[in-house]
Amino acid sequence: MTKSELVEQLAEKNTWLTRKDSEMIVNLVFDSISDALKRGEKVEIRGFGSFTVRERGAREARNPKSGDVVKIPAKKTPFFKTGKELRERVNTKEE
């Protein structure tokens, strides 16, 4: 599912929301999660999962084409851990 499909589905399921309103809500949620992660905060959505930021240390790697050593600087990366309820929903067999 893409972001635009999510917006469309939200607009379809809620007749009182326009597509523009749905898009604004989806953008607001994503922006809020991004801003919290930027500040180093953990974002937890019960029943869905949690977002955190992990630090990746600096390291050396090799360019596969030339074999030269390349230094990769330390960086922060977002990490998502699924919640128990989401894992269970994904793994249930529908009959």
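Looking for whichever is in contact (Cβ under 8 Å) with a residue 12 or more places away in the chain and in contact with a helix residue (DSSP H, G or I) (Cβ under 9 Å, 6 or more places away or on another chain) here; the options are Phe79, Phe48. Which one fits?
The match here is Phe48.
Whether any residue in region 70-78 is surrounded by 13 or more Cβ atoms within 10 Å (Cβ to Cβ), in contact with a Lys or Arg (Cβ under 9 Å, 6 or more places away or on another chain) and part of a strand (DSSP E or B) is what I want to check.
Within region 70-78, one or more residues are surrounded by 13 or more Cβ atoms within 10 Å (Cβ to Cβ), in contact with a Lys or Arg (Cβ under 9 Å, 6 or more places away or on another chain) and part of a strand (DSSP E or B).
Can you confirm whether Arg59 is under 15 Å from the mean Cα position of the chain (by Cα), of a type outside the set (A, V, I, L, M, F, W, C) and farther than 22 Å from Lys3 by Cβ?
It is false that Arg59 is under 15 Å from the mean Cα position of the chain (by Cα), of a type outside the set (A, V, I, L, M, F, W, C) and farther than 22 Å from Lys3 by Cβ.
Among the residues of region 1-46, which ones are surrounded by 11 or more Cβ atoms within 10 Å (Cβ to Cβ), part of a loop (DSSP other than H, G, I, E, B) and modelled with pLDDT under 95?
Those that are surrounded by 11 or more Cβ atoms within 10 Å (Cβ to Cβ), part of a loop (DSSP other than H, G, I, E, B) and modelled with pLDDT under 95: Asn14, Leu17, Thr18.
With the requirement that a residue be closer than 27 Å to Ser50 by Cβ and aromatic (Phe, Trp, Tyr), what does region 5-35 give you?
Phe30
The values are calculated or read from the model by the stated rules, or taken from the named source; none is laboratory data. Just so we're clear, the structure is a prediction, and the values are computed from it rather than from any experiment. Here the Cβ is made from the backbone with ideal geometry for all residues, glycine too, and neighbour counts use every protein chain on show.
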